[in-house]
Amino acid sequence: MHKHIPFNRPFATDTGFVYMQEAMRDMHISGDGQFTHKCHALLEETLGCAKALLTTSCTHALEMAALLLDIQPGDEVIVPSFTFVSTVNAFVLRGAQPVFCDIRADTLNMDESLLTGLITSRTKAIIPVHYAGVGCEMDEIMEIAARAGIAVVEDNAHGLFGKYKGKFLGTFGSMATQSFHETKNFTCGEGGALLINDARYIERAEVIREKGTNRSRFFRGQVDKYTWTDVGSSYLPSDMLAAFLYAQLEIPDQIQSMRQRIWKYYAQHLHGWAEEQDVRLPLVPVHCEQAYHMFYLLMPSLEQRQTLIGQLQAQGISSAFHYLPLHLSAMGQQFGGKPNDCPVTEDVSDRLVRLPFYNSMSEDEQMYVVETIQALNLKQRAA
Ligand SMILES: Cc1ncc(COP(=O)(O)O)c(C=O)c1O
């Protein structure tokens, strides 16, 4: 009998259910109740950002960022090609032209050395993605953006509580976005947050998040009635979701140390096999404290990646490839994307496989995954 090892298992705490009941007893289950405020305060205090606002997803936080930057048709936005579609779609929704940047072969993050060559007079923003929760080279990115007068929005969907040179990811750009989707380290099923570091955006962000009204000011007693003041939409999650999330956000060290244990187990036990088989394990630069979001293998070829996924599946283990190059997608091609525009992205996308990784993963489960991988001799198969 095979074990079944899923790729992900959503995480819940007992306290999360207690807090959800509390939210219901309070009879405040719409947005911005006590648990939403607690999440905001916790993120602001821990990370040191000027304002944190929970949203219904990271996608919606990115859409808010595009509205706040006043992105207009024809504006250009530089995004890595190796990312989730929302990183770019949020800006395309406002009429932006995406400009795809390749990634570094080591961290798989936006290659900062290419940025200067991609900036034009129409560039409005650079959107670095901290892939797998490992920081992009933020010193260089911030310097290039400042020199050109361009905004930086960090897509930090993977990187909550990770650090670059001792500073939290999400606190470099004028804004950053978080995801609390069920695949993330901290989750409420579907959810996200907009972190605002440049305080000039706070007041308008509250309005955009509240359907284009000044309702947040009204609830704080700053105006005596609320009205339509700007464009906006509905980006508030229910306080029940915030309650579920808060129970996790208040124990960050516990959650991150579970994930650190899982990551290190894979790294230690797969190191020898990887070396023998010419497989590359994730690389974390010494100046980055990673967020332990995922563990991936870079296989020698597409064929060997598919073999590994198939072998794992045959033993009941779900593994997953990751992003397809955005510049080669149907939409990306409409924006002018062509083969070889981003060669590292194209190569890595074919060869990367993510291993099962979830907070509640036991050592037994991990040992089974590791032993199944170690049983695979790619060199013998190729011979
Ligand atoms: C880099 C990145 N950005 C944004 C998102 C979108 O997150 P959400 O599902 O919270 O909208 C994802 C999803 O996994 C992602 O990987």
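The values are calculated or read from the model by the stated rules, or taken from the named source; none is laboratory data. Given the structure is predicted, the values throughout are model-derived calculations rather than measurements. Cβ: placed from backbone, ideal geometry, glycine included. Neighbour counts: every protein chain shown. Note: areas computed on protein heavy atoms with side chains; ligands, DNA, RNA excluded. Shrake-Rupley method; radii C 1.70, N 1.55, O 1.52, S 1.80 Å.
If you go through the range 89-102 one residue at a time, do you hit one that is under 28 Å from G166 (Cα atoms), touching a helix residue (DSSP H, G or I) at 6+ places or on another chain (Cβ under 7 Å), of a type in the set (D, E, K, R) and surrounded by fewer than 22 Cβ atoms within 10 Å (Cβ to Cβ)?
No, the range 89-102 contains no residue that is under 28 Å from G166 (Cα atoms), touching a helix residue (DSSP H, G or I) at 6+ places or on another chain (Cβ under 7 Å), of a type in the set (D, E, K, R) and surrounded by fewer than 22 Cβ atoms within 10 Å (Cβ to Cβ).
Hey, any hits in the range 354-371 for a residue that's among the aliphatic types (A, V, I, L, M), surrounded by fewer than 20 Cβ atoms within 10 Å (Cβ to Cβ) and over 30 Å from L115 (Cα atoms)?
yes
Can you tell me which residues in the range 133-159 are more than 10 Å from the ligand (Cβ to nearest atom), open to solvent by 10 Å² or more (accessible area, probe 1.4 Å) and within 20 Å of L53 (Cα to Cα)?
A151, the sole residue that qualifies.
Output the number of the condition that E275 fails; it satisfies all remaining conditions of (1) farther than 28 Å from F161 by Cα; (2) touching a residue at least 40 places away in the same chain (Cβ under 8 Å); (3) part of a helix (DSSP H, G or I).
All conditions are met except number (2).
Do you know which residues across the range 72-93 are closer than 17 Å to P128 by Cα and hydrophobic (A, V, I, L, M, F, W, C)?
Matches in the range 72-93: V77, I78, V79, F82, F84, V85, V88, A90, F91, V92.
Regarding L169, is this residue open to solvent by less than 50 Å² (accessible area, probe 1.4 Å), within 14 Å of the ligand (Cβ to nearest atom) and modelled with pLDDT of 95 or more?
yes
Condition (residue is more than 30 Å from V99 (Cα to Cα) and of a type in the set (A, V, I, L, M, F, W, C)) applied to the range 340-350: is it met by at least one residue?
Scanning the range 340-350, I find no residue that is more than 30 Å from V99 (Cα to Cα) and of a type in the set (A, V, I, L, M, F, W, C), so the answer is no.
Does the range 121-128 contain any residue that is in contact (Cβ under 8 Å) with a residue 12 or more places away in the chain and within 14 Å of the ligand (Cβ to nearest atom)?
yes
Let me spell it out: the conditions are (1) of a type in the set (S, T, Y); (2) under 25 Å from T46 (Cα atoms); (3) in contact with a Pro (Cβ under 7 Å, 6 or more places away or on another chain), and T171 meets all of them except one. Which number is the exception?
(3)
Evaluate the following for D26: is it more than 16 Å from the ligand (Cβ to nearest atom) and either closer than 29 Å to I103 by Cβ or at pLDDT below 95 (or both)?
The answer is yes for D26.
Anything in the range 216-250 that is among the charged types (D, E, K, R), surrounded by fewer than 17 Cβ atoms within 10 Å (Cβ to Cβ) and touching a residue at least 24 places away in the same chain (Cβ under 8 Å)? List them, or say none.
Answer for the range 216-250, where residues must be among the charged types (D, E, K, R), surrounded by fewer than 17 Cβ atoms within 10 Å (Cβ to Cβ) and touching a residue at least 24 places away in the same chain (Cβ under 8 Å): D230, E250.
Scan the range 293-341 for residues that are in contact with a strand residue (DSSP E or B) (Cβ under 8 Å, 6 or more places away or on another chain), away from the ligand (no atom under 16 Å from the Cβ) and not in a helix (DSSP H, G or I) and jot them down.
Correct list: L297, L298, M299, G316, I317, S318, S319, F335, G337, D341.
Which residue is nearest to G95 (Cα to Cα), if the candidates are limited to the range 328-340 and must be open to solvent by less than 70 Å² (accessible area, probe 1.4 Å) and not small (G, A, S)?
Among them, the one singled out is F335.
For the range 190-239, how many residues are outside any loop (DSSP other than H, G, I, E, B), touching a Lys or Arg at 6+ places or on another chain (Cβ under 7 Å) and within 16 Å of the ligand (Cβ to nearest atom)?
Final tally of qualifying residues: 1.
Within the range 177-189, can one find any residue that is out of contact with any Pro (no Cβ under 7 Å at 6 or more places or on another chain), touching a residue at least 60 places away in the same chain (Cβ under 8 Å) and more than 14 Å from the ligand (Cβ to nearest atom)?
Scanning the range 177-189, I find no residue that is out of contact with any Pro (no Cβ under 7 Å at 6 or more places or on another chain), touching a residue at least 60 places away in the same chain (Cβ under 8 Å) and more than 14 Å from the ligand (Cβ to nearest atom), so the answer is no.
Identify, by number, the condition in (1) within 24 Å of Y201 (Cα to Cα); (2) under 19 Å from the mean Cα position of the chain (by Cα) that D70 doesn't meet.
(2)
Looking at M27, is it free of Cβ contacts under 8 Å to residues at least 12 places away in the same chain and out of contact with any His (no Cβ under 7 Å at 6 or more places or on another chain)?
Here the answer is yes, as M27 does meet what is asked.
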